[in-house]
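**Student:** Sending over a structure as structure tokens; questions will come in a sec.
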Amino acid sequence: MSETRKIAVTINGKRYEEEVEVRWTLADFMRQQLGLTGTHLGCEHGVCGACTILFDGYSARSCLMLAVQADGHEILTVEGIAPSEEQMHPLQEAFRDNHGLQCGFCTPGMLTTLLEFLRDNPDPTEQEVRIAISGNLCRCTGYQGIVAAALDAAQRLKAAKEAS
Amino acid sequence: MKPPPFRYHDPRTVDEAIGLLSTLDNAKVLAGGQSLMPMLNMRYVLPDDVIDINKIAALCYIRETDGVIEFGAMTRQRDIEFSDVVKARFPIIHEAILNVGHRQTRNRGTIGGSLCHLDPSAELVTMAAAHDAVVTVAGPNGTREIPFAQFPVTFMTTAIEANELVTGVRFPRWPAGHGYGFVEFARRHGDFAIASAAALLETDSNGKITRASVTLGGVSVTPVRVRAVEQALIGQKGSEDFFREVCEECRKVAAIDDVHAPANYRQHLATVMSRRALVAALGRVGKA
């Protein structure tokens, strides 16, 4: 058993206090120790983007961080995107309606990446969307459905904002 | 694909970090982690101790004074990308940083980490070479400064000692109205560049080039300034045809030969990238 540390981290609004091996990545900690398996691990070296989470509101690859580094921070994973169990987020609805996913492996990373992107760029061009997801690999959709979903989600989010 | 066991340290000050580096034999400094973490996951590195410097708040800053911009070593690439000062006064750095990985990696990656990792195709390393940046390094006996020309020793190897820590880097500013251009060739957006080029130009009132900086990234084991091209430009009026002729010199640069591209292809790309960077730079002279 290697060195461990006690950390306190807030994930999707819930606070966790856990003893964690210092060598564990944040992704493995969330998946294996907390059972939050929504975050996927594809390459484990920062290329595929499937493990993208929002760390204090900014996207980051959870395979490229240690769990101990999350001590005192706030994390949002795919499990925390929907407003409730009955209702999906407009971004998730846009993915469903535009065939933005097939096998679903890349989806957690796509959603977290686009959540940050659409927050910072509420009215993006197609080219900007393609650059935004350039760090997320998808082997099913050919990206067309994902790009369409992102553009659609931008409209839905704008409409929701204007309605509120 | 999991990091090997190590002891973990998270110092709050530079002195504490230097103290650890001076006493630990096989330690690695963890900055933004966008290169070291993959290397740990793949067990390319097997440190006994990892020194995480993310809690040293004093290393996160962007300061501009007297025509020089200084970045603290732990300044995130994201903060450089969104810096108004960088955008206005160092537009080439802004242009180059958009090619550094992806949003998710720029949110974590740091300038100090990038310089110390010294990947041959790293855009920020290319920027440091192009600007004759000066690296500040802290060690047990105080701080010292390393001009960037002396910072890379060879492939992914810097001039810093095992008990030293990079604390910041200074970029001298090019005057208002200078021309700039950064272009790169990569298989996919955000991938490591097979070849990149950075060009900075100043001209006199007659349009003759008075000062030039031309740097190639990804071509050699470290980013290189192409002095022969820089010298050939001085006193001349730029044009695409003239740049095409001058940039042939880039074919003489000793190039990497690996699975991604043979050396002669990199040399060919070097001539094309440097010409395009110079054309972009010339078109922007006097515009900012």
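What follows is calculated from the coordinates using simple rules that are stated; it is not laboratory data. Owing to the predicted nature of the structure, the values given are computational and were not obtained by experimental measurement. Neighbour counts run over all protein chains shown; Cβ positions are idealised from the backbone, glycine included.
**Student:** Suppose R0 equals 51 Å. What FRET efficiency, 1/(1 + (r/R0)^6) with r the Cβ-Cβ distance, do A:Ser2 and A:Arg139 give to the nearest 0.05? Don't jump to the answer; show the numbers that get you there.
**Tutor:** On the way: r = 35 Å, r/R0 = 0.68.
It comes out at approximately 0.90.
**Student:** So who's got an amide H within less than 5 Å of the one on B:Lys28, skipping anything under 5 residues away but keeping other chains? H placed 1.01 Å off N, in plane.
**Tutor:** B:Asp49, B:Val50, B:Ile51
**Student:** Moving to a separate point now. Considering the zone a paramagnetic label at B:Arg188 would reach in this model (a point 7 Å from Cα along the Cα-to-Cβ line), which residues of the range B:95-131 have amide N under 20 Å from it?
**Tutor:** Label zone hits: B:98-109, B:121-123.
**Student:** Roughly how tilted is helix A:107-120, in degrees to the nearest 10 and between 0 and 90, from the longest Cα axis of chain A?
**Tutor:** The helix A:107-120 is inclined about 70 degrees to chain A.
**Student:** Can you give the FRET efficiency to the nearest 0.05 for A:Asp56 and B:Thr157, using r as the Cβ-Cβ distance and R₀ = 30 Å? Spell out each step's value before the answer.
**Tutor:** Numbers: r = 34 Å, r/R0 = 1.13.
Once rounded, the FRET efficiency stands at 0.35.
**Student:** Could you tell me the distance between the Cα centroids of the range B:166-234 and the range A:17-62, to the nearest Å?
**Tutor:** The range B:166-234 and the range A:17-62 have Cα centres separated by 38 Å.
**Student:** Helix-only mean residue ellipticity at 222 nm, the protein assembly as shown, DSSP H runs n ≥ 4 weighted -39,500 (n - 2.57), per residue, nearest 500. What is it? Kindly include the intermediate steps, with their values, before the conclusion.
**Tutor:** Values: 15 runs with 139 residues, N = 452.
After summing the helix terms and dividing by residue count, I get -9000 deg cm²/dmol.
**Student:** What's the angle, to the nearest 10 degrees (0 to 90), between helix A:144-163's Cα axis and the longest principal axis of chain A?
**Tutor:** Tilt relative to chain A: about 80 degrees.
**Student:** Next up: Take every Cα-Cα pair in the range A:93-132 and report what % of them are more than 17 Å apart.
**Tutor:** Numbers: 240 of 780 pairs.
Everything past 17 Å amounts to 31 percent.
**Student:** Right, next: For the range B:210-288, which trypsin sites (Lys or Arg not before Pro) are in a loop by DSSP, counting at most 16 other Cβ atoms within 10 Å?
**Tutor:** B:Lys287
**Student:** Could you work out how far apart the two model spin labels at B:Leu98 and B:Val221 are, taking each label as a point 7 Å from the Cα in the direction of the beta carbon, and quote it in nm?
**Tutor:** Inter-label distance under the simple model: 3.4 nm.
**Student:** Taking the alpha-carbon distance from A:Lys14 and a cut-off under 16 Å, which aspartates and glutamates remain once sequence neighbours fewer than 8 residues away in the same chain are dropped?
**Tutor:** Cα-Cα hits under 16 Å: A:Asp56, A:Asp71, A:Glu74, A:Glu79, A:Glu85.
**Student:** Work out, step by step, the length gained on full extension between B:Ala263 and B:Arg244: first 0.36 nm times the residue separation, then minus their alpha carbon distance; give nm to one decimal. Before the final figure, lay out each step's value.
**Tutor:** Details: separation 19, 0.36 × 19 = 6.84 nm, distance 1.97 nm.
Difference between extended and current length: 4.9 nm.
**Student:** In the structure shown, do any of B:Lys208/B:Lys287; B:Lys2/B:Lys87; A:Lys161/B:Lys287; B:Lys28/B:Lys55 have a Cα-Cα gap over 27 Å, and if so which? Can you show the working numbers first?
**Tutor:** Details: B:Lys208/B:Lys287 16 Å; B:Lys2/B:Lys87 39 Å; A:Lys161/B:Lys287 39 Å; B:Lys28/B:Lys55 16 Å.
Cα-Cα > 27 Å for B:Lys2/B:Lys87; A:Lys161/B:Lys287; rest within.
**Student:** Please state the equivalent ellipsoid semi-axes for the protein assembly as shown: what are the square roots of 5 times the Cα gyration tensor eigenvalues, largest first, in whole Å? Write out the running numbers ahead of the final one.
**Tutor:** Working: eigenvalues 283, 166, 76 Å².
Calculated on Cα positions only, the semi-axes equal 38, 29, 19 Å.
**Student:** Stokes-Einstein diffusion coefficient for chain B at 20 °C in a medium of 1.002 mPa s, Rh from the Kirkwood formula over Cα pairs: what value in µm²/s?
**Tutor:** Numbers: Rh = 19.5 Å.
Answer, rounded: 110 µm²/s.
**Student:** Using Cα-only point scatterers and the Debye equation, what is log10 of I(q)/I(0) for the range B:179-284 at each q in 0.12, 0.19 Å⁻¹, rounded to two decimals?
**Tutor:** With one equal scatterer per Cα and no solvent, log10 I(q)/I(0) is -0.36, -0.83.
**Student:** Modelling each spin label as a point 7 Å along the Cα-to-Cβ direction, I'd like the B:Lys87/A:Leu34 distance in nm, to one decimal.
**Tutor:** Here the modelled spin labels are 3.3 nm apart.
**Student:** Using the alpha-carbon atoms, what tilt in degrees (0 to 90, nearest 10) does helix B:263-284 show relative to the longest principal axis of chain B?
**Tutor:** Around 70 degrees separate the two axes.
**Student:** Still on this structure: Calculate the mean, over all residues of peptide B:103-113, of how many other protein chain Cβ atoms lie within 10 angstrom of the residue's Cβ. Display every interim value, and only then the final one.
**Tutor:** On the way: counts 14, 20, 8, 4, 10, 9, 3, 0, 0, 0, 0.
Counting other chains' Cβ atoms within 10 Å and averaging over B:103-113 gives 6.
**Student:** While we're on this one: For a quick protection proxy, order the peptides B:47-58, B:62-73, B:151-162 by their average other-Cβ count within 10 Å, most packed first.
**Tutor:** Values: B:47-58: 18.5, B:62-73: 16.8, B:151-162: 15.2.
Highest to lowest by the protection proxy: B:47-58, B:62-73, B:151-162.
**Student:** Along each of the three principal axes of the Cα atoms of chain A, give the extent in whole Å, ordering the values from largest to smallest.
**Tutor:** Result for chain A: principal-axis Cα extents of 49, 35, 26 Å.
**Student:** Where in the range A:137-164 is the amide nitrogen less than 14 Å from a point lying 7 Å along the Cα-to-Cβ axis of A:His99?
**Tutor:** Those under the cut-off are A:140-149.
**Student:** Now for a separate question. Work out the FRET efficiency for B:Ser205 and B:Glu64 from their Cβ-Cβ distance, taking R0 = 30 Å, and round it to the nearest 0.05.
**Tutor:** According to the calculation, E is roughly 0.60.
**Student:** Then there is this: So which chymotrypsin sites (Phe, Trp or Tyr not before Pro) in the range A:1-80 are both in a DSSP loop and have at most 12 other Cβ atoms within 10 Å of their Cβ? Spell out each step's value before the answer.
**Tutor:** Details: sites: A:Tyr16, A:Trp24, A:Phe29, A:Phe55, A:Tyr58; in loops: A:Trp24.
For chymotrypsin sites (Phe, Trp or Tyr not before Pro) across the range A:1-80 that sit outside H, G, I, E and B with at most 12 neighbouring Cβ atoms in 10 Å, the list is empty.
**Student:** Beyond 19 Å, what share of the Cα-Cα pairs of the range B:1-157 remains, rounded to the nearest whole percent?
**Tutor:** The proportion of pairs with Cα distances above 19 Å equals 56 percent.
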